[in-house]
Every structure is written in C-alpha cells, then in structure tokens.
1. Per residue, how much accessible surface does the stretch 1-72 expose to a 1.4 Å probe? Answer in Å², no decimals.
2. Using only Cα atoms and rounding to the nearest 10 degrees, what angle (0 to 90) does helix 172-183 make with the longest principal axis of the chain?
3. So what does V119 come to for accessible area, using a 1.4 Å probe and Å² rounded to 10?
4. I need the trypsin sites (Lys or Arg not before Pro) found in the stretch 36-141, filtered to DSSP loop residues with at most 15 other beta carbons within 10 Å of theirs.
5. Within the stretch 1-153, what whole-number % of the accessible surface is contributed by carbon and sulfur, with the 1.4 Å probe and all protein chains included in the calculation?
6. Looking only at chymotrypsin sites (Phe, Trp or Tyr not before Pro) in DSSP loops with at most 10 other Cβ atoms within 10 Å, what is the longest site-free stretch of the chain?
7. At most 16 other Cβ atoms within 10 Å and a DSSP loop assignment: could you name the GluC sites (Glu not before Pro) in the stretch 19-127 that fit?
8. By how many degrees, between 0 and 90 and to the nearest 10, does the Cα long axis of helix 99-111 differ from the longest principal axis of the chain?
Amino acid sequence: SRMQVYLENNLEGIGQEKWDTLAAESPPHTIFQTYGWHISWWKTFEKNHKLFLICVKDGGKLIGVSPLYILSKGRWRIVKFIGTGHSDYGDFLYSQGRLEVLLKMIDFLAKEKQGWDAVALDNIPQESPTVRFLIPHCRKDKLYCVHYSSLLCPALLFDADKKNIQNILQKKSIKRHHKYFYKKKGYEVLHLTDVNK
C-alpha cells in the first residue's frame, strides 16, 4: 500500500494512544519521546511557535511522526524538536525497521522548505539510526547539513565518584532545595536500582 505523508497542526489530532504506541516501537524509546512529555512541553512553551508535525500513515496506521516546531527568531524560522532545551534526547518517531519512513519525513521537510529558513535538530541519541541516515539523505534533497557537536548525556556514577557526590550534596543550594521538598507534602522519593522497576 502507498504511504500517506501529511502535516498535522496539533498534537491532539494524533492522540496519546497512537503516539505512545509508535514511540514504544521507535529506536531511542525514552520518556522524551512520549506523548505526555511533548504535550506538557508544548502547552508550556507554545507561545509564538508553530507546530510542524510531519505524519506518515500506511493503510490508516500511524507509522511515523516528526515531533517538530518552528521557532521564529527575528527574521529566521528555525525547525527544532519539540522539547529542545529541556529534553535530554530528541528524535523522529518511526518503527526501528522502517527507515523508509524516516526518509519520507526528510523528503517532506525538503519539499516544505519555503516554510522555514534553517533546521536545528539537537540531541539525537548516538545509537539512533537517524544519526547514520539523516545527513546523507539530506544531501540527496539538496539540504546542506552541519554536524556541529557530539556530546554524551551527562551522568553521575554514584559508586565510582563518591567524593564528588559528597561535595555536591554539601552545597548550600542543594541543602536549601532539600529542606523545601522535605517540608512539602504530596510527593515521594523512590530509589530505583533495577531497570525493570
């Protein structure tokens, strides 16, 4: 069957169930790919921005979403991932074995280039297939890409860096925040040691 590619103008038009089903099948499945994360971020920061959700359907089933928006900055219109600046990771949503879906979304982005001036896709995970296919495929569409940095998401290793962690915990700002939450009701702290919990 033929794939249908189109622009959706709101997140609700896709819906949580379809979005999260697709996100679970997408390569870097993290909280930053979920519907809840995207809708919360968008409702908080949507002012003066425009959604740019490229959707791909096959036989009525949603098989791809580009969670993008257009940021207007002076005379520039910049395409970015929803959540940029607050998400550890951003990526296109598509089933792991369906790279042709990713390529369809890139082609559509190229076709719609009268609507934007630049694309800045931050924090695509290193292990995502998007990293390998994005730049070569963009060249085919005469989109010229610059890969400007590769940084790993920061992490704190509790057992390996105990002295550094003790220094962090002694900071006045950390102690102040700890006291604030200690006195506040209605939340709990969970210490998870198992990835399945």
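1. Details: 3670 Å² over 72 residues.
Here the residues of the stretch 1-72 average 51 Å² of exposed surface.
2. 90
3. 60
4. On the way: sites: K43, K47, K50, K57, K61, K73, R75, R77, K80, R98, K104, K111, K113, R132, R139, K140; in loops: K47, R75, R98.
Sparse-neighbourhood loop trypsin sites (Lys or Arg not before Pro): K47, R75.
5. Working: 4470 of 8550 Å².
Carbon and sulfur: 52 percent of the exposed surface of the stretch 1-153.
6. Numbers: sites that count: Y144, Y148, F158, Y187.
Formally, the longest exposed-site-free interval is 1-143.
7. Working: sites: E25, E46, E100, E112, E127; in loops: E46, E112, E127.
The qualifying sites are E46, E112, E127.
8. Between helix and principal axis, roughly 70 degrees.
The values are calculated or read from the model by the stated rules, or taken from the named source; none is laboratory data. Treat the numbers as computed from the prediction; the structure is a model and nothing was measured. Please note: Cβ atoms are built from the backbone with ideal geometry, for glycine as well, and neighbour counts cover all protein chains shown. Just the protein is used for accessible areas: all its heavy atoms, side chains included, with ligands, DNA and RNA removed. Shrake-Rupley method; radii C 1.70, N 1.55, O 1.52, S 1.80 Å.
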